[in-house]
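See below for the structure under consideration.
The values are calculated or read from the model by the stated rules, or taken from the named source; none is laboratory data. The structure displayed is predicted, hence computed values, not measured ones. All Cβ positions, glycine included, derive from the backbone under ideal geometry; neighbour counts span all protein chains shown.
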Amino acid sequence: MSSKLSFSYWLRKKLKSEKKAKIIVLGLDSAGKTTLMKYVNTGVFKDTVPTIGQNIDTVNFADWNITIVDVAGQKQFRFLWEVHYPGSSAVIFVIDSADIERLPEARDILKIHVFNNPYLEKIPCLIIANKQDLPESIQAPMLIQLLGLHLEMKDRTFAVFDCSAINGTGVNEAFTWLVNQLEMKKG
Ligand SMILES: Nc1nc2c(ncn2[C@@H]2O[C@H](COP(=O)(O)OP(=O)(O)OP(=O)(O)O)[C@@H](O)[C@H]2O)c(=O)[nH]1
Ligand SMILES: [Mg+2]
């Protein structure tokens, strides 16, 4: 093997062995995006304030080093999301599953920013049915029906996990699914 060839072989192997990814976290304001990311980062519940712009943080999960872009869900900040789409390896969409009134709005945003978004169409989508600690919350099977995920996402890799970003229920399972998807994509 020539030295030029062996260098490019080594570089390709090295890049393949580095487990790095960028993940974008979308959802309506108050869905619990920042609370979830803080839980993943620290393993405990931490109080949050509404995000302005976005929070960019690094999370280590399994042996992955993941740059998390946690955007601001409020309407006036949503135009900022698109700058973060290129280069994302996966998308997390967080839903307040106790807020039935805002489900149609969540569905619209999911449609515009995930279903019909060419930047995100080939990457895995993790949907978090958050706030399961609240008694009025609905669970994944019902959420899948109400959001029409079984129709809209039929050609995509996606999963819905019941979670609570307050007490951590389901968070580990959801992120394990996500890194498994990253592993599979890496090949
Ligand atoms: N009961 C309950 N409350 C939660 C949960 N996750 C988040 N919250 C609360 O919901 C509120 C909003 O949480 P955030 O994490 O700031 O929501 P966000 O999606 O980041 O909102 P924006 O930054 O405005 O887009 C806070 O009062 C959180 O404590 C949960 O799983 N259960
Ligand atoms: Mg936030």
**Study point:** Subset of region 24-61 that is assigned to a strand (DSSP E or B) and free of Cβ contacts under 8 Å to residues at least 12 places away in the same chain - its residue that is farthest from ligand 1 (Cβ to nearest atom)
**Key:** N60
Exercise for review: Check whether at least one residue in region 147-161 is touching a helix residue (DSSP H, G or I) at 6+ places or on another chain (Cβ under 9 Å) and within 16 Å of ligand 1 (Cβ to nearest atom), and report yes or no.
Suggested key: yes
Review point. When both residues are 6+ apart or on different chains and their Cβ atoms are under 9 Å apart, which pairs have a first residue that lies in region 69-85 and is among the aromatic types (F, W, Y) and modelled with pLDDT of 95 or more, and a second that is part of a helix (DSSP H, G or I) and more than 7 Å from ligand 1 (Cβ to nearest atom)?
Key: W81/H113; Y85/H113
Point to revise | Given (1) at pLDDT 95 or above; (2) away from ligand 1 (no atom under 11 Å from the Cβ); (3) aromatic (F, W, Y), number of the condition W64 does not satisfy | key: (1)
Check your understanding: Within region 105-114, is there a residue that is over 18 Å from A31 (Cα atoms) and among the hydrophobic types (A, V, I, L, M, F, W, C)?
Key -> no
Practice item. Please work out which one of (1) touching a Ser or Thr at 6+ places or on another chain (Cβ under 8 Å); (2) part of a loop (DSSP other than H, G, I, E, B) is the condition D155 fails and give its number. Key: (1)
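For (1) closer than 20 Å to I23 by Cβ; (2) within 15 Å of ligand 1 (Cβ to nearest atom); (3) touching a Leu at 6+ places or on another chain (Cβ under 8 Å), each residue gets a yes or a no:
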| position | (1), (2), (3) |
| --- | --- |
| P86 | yes, no, no |
| A90 | yes, no, yes |
| A106 | yes, yes, yes |
| L110 | yes, yes, yes |
| H113 | yes, yes, yes |
| L120 | yes, no, no |
| C125 | yes, no, no |
